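In what follows, a structure is listed as structure tokens, so that the remarks can point back to it.
Just so you know, all these numbers are worked out from the coordinates, no wet-lab data involved. Note that the coordinates shown come from a computational prediction; the quantities given were computed from them, not determined experimentally. As a convention, Cβ positions derive from the backbone with ideal geometry for all residues, glycine included, and neighbour counts pool all protein chains shown.
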Amino acid sequence: MNAIEFDRLADVYVRQGRYDDAVASYERALAGREQQLGADHQVTLDTVNGLAISYWRQGEYNKAKPLYQRTLAGRERQLGADHPDTLGTVNYLAALYMGQGKYKEAEALYQWPLAGREQQLGADHPDTLAMVNNLAGLHRTQRNYVEAEALHQRALAGKERQLGLNYLSTLMTVHNIGLLYES
């Protein structure tokens, strides 16, 4: 198998929740990508990011963090701070910090992709609203319920306008509001 095939196989493993298998495949893909394309090529960085996600989903934050940081540095340098791929990596790094209980770092990072998405896509775009929902989740975790509710309600109102009531993302926001009220 070549790097492309290992990368695709790893993506399948991630969708199946088989993260150990995904890690092994991403590592094989990464070795090939680095050899063929170089360490900072965007395709190589996509593989690094996939590997980071696999570690993150297993709760292996100490393995995921340097991979996210590598991806972020490369994407920011090559694509710019407000490129969608850069913002996506920032969002994952923020989630990692949240999982580690580093809430100040997570909040600062969550603000970055939120501002970028608002500027590029508008306040009611589904990608922007996903960032709003992530920030609301952080506030809920910190027991800052007033701020969490305001952000969840903002996300819900925008998703209802843009996507409708029966769209999965809208329903997940309703679920998140329910979790908030249970807290």
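Data overview
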| read-out | value |
| --- | --- |
| Packing-based exposure ordering (other Cβ within 10 Å, fewest first) of 112, 56 | 112, 56 |
| For the chain: rounded, prolate or oblate by the Cα gyration tensor [a/c cutoff 1.5] | prolate |
| In Hz, Karplus ³J(HN,Hα) per residue of region 3-13 (6.51, -1.76, 1.60; θ = phi - 60°; x = Gly, Pro) | 4, 4, 5, 5, 4, 5, 4, 4, 4, 5, 4 |
| Karplus 3J(HN,Hα) series, Hz, for region 44-58 with 6.51 cos²θ - 1.76 cosθ + 1.60 (x for Gly, Pro) | 4, 5, 4, 5, 4, 5, x, 5, 4, 4, 4, 5, 4, 5, 8 |
| Loop-located trypsin sites (Lys or Arg not before Pro) in region 95-183, at most 15 other Cβ atoms within 10 Å (DSSP) | 102, 143 |
| Cα radius of gyration and Dmax for region 1-83 (Å) | 12.1, 35 |
| With Cα atoms, 0 to 90° folded angle of helix 145-162 axis to the chain main axis | 80 degrees |
| Long-range lysine pairs (8 or more apart or interchain), the chain, Cα under 23 Å | 4 |
| Cα-based helix-to-principal-axis angle, 168-182 vs the chain, degrees rounded to 10 | 60 degrees |
| Residue 103 paired with residue 73, simple spin-label distance in nm, labels 7 Å along Cα-to-beta-carbon | 3.0 nm |
| Average Cα contact separation per residue, the chain, under 8 Å, 6 or more apart, as relative contact order % | 11 percent |
| Residues 139, 152, 41, sorted so that the one with the fewest Cβ neighbours within 10 Å comes first | 41, 139, 152 |
| Cα-based helix-to-principal-axis angle, 126-141 vs the chain, degrees rounded to 10 | 80 degrees |
| 182, 160 arranged by Cβ crowding within 10 Å, fewest neighbours leading | 182, 160 |
